[in-house]
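After the structure tokens below, expect a handful of questions from me.
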Amino acid sequence: MGMMTTITTAITDKPMPRKRMCRKMAGLPEVKGFRPFDREPFRLPPVIITLDQFEAIRLADYEKLNQEEAAVKMGISRPTFTRLYEEARNRLAEALIEGKSFIIEGGEVSFSSVSFRCSDCKHSFQTSKEEAETTTACPKCKSTQIVSMNDFFLKGCQCRKNWY
Ligand SMILES: [Zn+2]
């Protein structure tokens, strides 16, 4: 019994893990993911690329920044960027080589703005993070059926259950 107490205490007293810094992201990806051309798209579980991994690829391979510059853009250290970038490349390679779909989702990211899409009239609009808190309707058609694209990318989509 005494031992149990000791163990419990030891666990409780463990220092809280350092809060990881959110990685800055310039914007959202164009699409939620990619599917293989001539196969059943979800015959295999998809590879998940997180938003911060996507941003690493975008900065290094698309904007052609060096890793030092890319790390600054994301607000992280150079070694952290390197690990993030390598993991992103590994996952992309797995999807390419094994013919898997991949989905861009989740990750430790922070945005300066929020993108919404209206489910009724398909209008897209952006607000600041602060404005997003009180945004409840589409500015064009006044519909309240608006979807935060940031949440769509961060947390996923309910329709996913139909994908497998
Ligand atoms: Zn609308």
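How would you rank 45-51, 30-36, highest first, on the average number of other Cβ atoms within 10 Å across their residues? Each step should come with its number before you reach the end.
Working: 45-51: 18.7, 30-36: 14.3.
In descending order of packing, they fall as 45-51, 30-36.
Round to the nearest 0.05 the FRET efficiency obtained for GLU63 and VAL31 when R0 = 25 Å and r is the Cβ-Cβ distance.
0.85
Enumerate the amide H contacts of VAL109 below 5 Å, restricted to partners 5 or more residues apart or on another chain; note that Pro and chain-start residues carry no placed amide H.
Distant-sequence amide H within range of VAL109: ARG23.
Going 7 Å from the Cα of CYS22 toward and past its Cβ, which residues in region 98-118 have a backbone nitrogen under 11 Å from where you end up?
Only 108-114 pass the distance filter.
Let me ask something else. Would you work out the relative contact order for region 44-110, in percent, from Cα pairs under 8 angstrom that are 6 or more residues apart?
57 percent
Which ordering of ARG89, ARG23 is given by a fewest-first count of other beta-carbon atoms within 10 Å?
Going from sparsest to densest Cβ surroundings: ARG89, ARG23.
Separate question: How far is it, in nm, from the label point at SER113 to the one at GLU98 when both lie 7 Å from their Cα along the line to the Cβ?
Reported label-point gap for SER113 and GLU98 is 3.7 nm.
Between VAL147 and ARG39, with labels modelled 7 Å along Cα→Cβ, what's the label distance in nm to one decimal, could you check?
A separation of 2.6 nm, rounded to one decimal place.
State whether region 64-153 is rounded, prolate or oblate according to the following rule on the C-alpha gyration tensor (a ≥ b ≥ c being the square roots of its eigenvalues): a/c under 1.5 gives rounded; otherwise a/b larger than b/c gives prolate, and the remaining case gives oblate. Write out the running numbers ahead of the final one.
Details: a/c = 3.57, a/b = 1.72, b/c = 2.08.
It is oblate, given that a/c is not under 1.5 and a/b is not larger than b/c.
Using the per-residue mean of other Cβ atoms lying within 10 Å as a proxy for protection, in what order, highest first, do the peptides 101-114, 56-69, 131-144 fall?
Going from most to least packed, we get 101-114, 56-69, 131-144.
Which entries in the list LYS73/LYS122; LYS122/LYS142; LYS122/LYS155 go over 23 Å, if you measure between the two C-alpha atoms of each?
Working: LYS73/LYS122 31 Å; LYS122/LYS142 12 Å; LYS122/LYS155 20 Å.
Table pairs above 23 Å Cα-Cα are LYS73/LYS122.
Another question about this same structure. Could you work out the percent of alpha carbon pairs in region 44-110 separated by over 21 Å, rounded to a whole number? Mind showing how you got there, number by number?
Details: 471 of 2211 pairs.
Result: 21 percent of Cα pairs exceed 21 Å.
No lab work stands behind these numbers, since they all come straight from the coordinates. Note that this is a predicted model, so its numbers are computed, not measured. Backbone-built Cβ (ideal geometry, glycine too); neighbour counts: all protein chains shown.
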